[in-house]
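The values are calculated or read from the model by the stated rules, or taken from the named source; none is laboratory data. Nothing here was measured: the structure is a model prediction, and the numbers come from that model. We place every Cβ from the backbone using ideal geometry, glycine too, and count neighbours over all the protein chains shown. Keep in mind that these areas ignore ligands, DNA and RNA; they rest on the heavy atoms of the full protein, side chains included. Shrake-Rupley method; radii C 1.70, N 1.55, O 1.52, S 1.80 Å.
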Amino acid sequence: MATTKDVKRTPSGKLTYRGETFPGYNKPKPSNREGKKYMVLAKSGDKVKLIHFGATGYGHNYSDAARKSFRARHNCDTATDKLTARYWSCKFLWAGKGGSTKANPKGVRGKF
C-alpha cells in the first residue's frame, strides 16, 4: 500500500501518482482503464490507493428502482472504507436522486 510520500504535488497544486495527475485526494475523475468509468486517488490517514470503479456497461439510466436495488445488493449503508471501490460506487455513482432520461445502452436488457 502506498503512502502520501509516494504522491508528488505539482506547482499548480494538483497531485501526481504513477504518472497520472489528479485534482486532489478523494476526488473522482474519468478512468483510463478499459471497462471502468472513474478512478480516484483515495486517501485514508497516511494510506493512499488508486481505485478504479464503475462498470461502463451500466450506462447512465440509474432509475430510482435500479438505485435502490444496487444499494441493497451492495450494502451501501455500511460502506465506510474510502480505500474500496464499493465505497466510491455507493457514494459517487449510486447516491442521491437518480432517474436519468437516457435509455439503457444497446444490449443491456433490464426492468428498469
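Structure data summary
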read-out: Under Karplus coefficients 6.51, -1.76 and 1.60, residue-wise ³J(HN,Hα) of segment 29-34 in Hz, glycine/proline x; value: 9, x, 7, 9, 9, 4
read-out: Radius 10 Å from Cβ of Tyr25, net charge of other residues (Lys, Arg +1; Asp, Glu -1); value: +3
read-out: Reachable aspartates and glutamates from Lys97, criterion Cα separation under 13 angstrom, eight or more residues apart if same chain; value: Asp64
read-out: Ranked by how many other beta carbons lie within 10 Å on average, peptides 6-18, 36-48 from highest; value: 36-48, 6-18
read-out: With all protein chains modelled, accessible area of Arg73 [1.4 Å, Å²]; value: 140 Å²
read-out: Local electrostatic count at Arg71 - Lys and Arg +1, Asp and Glu -1, tallied over other residues with Cβ under 15 Å; value: +4
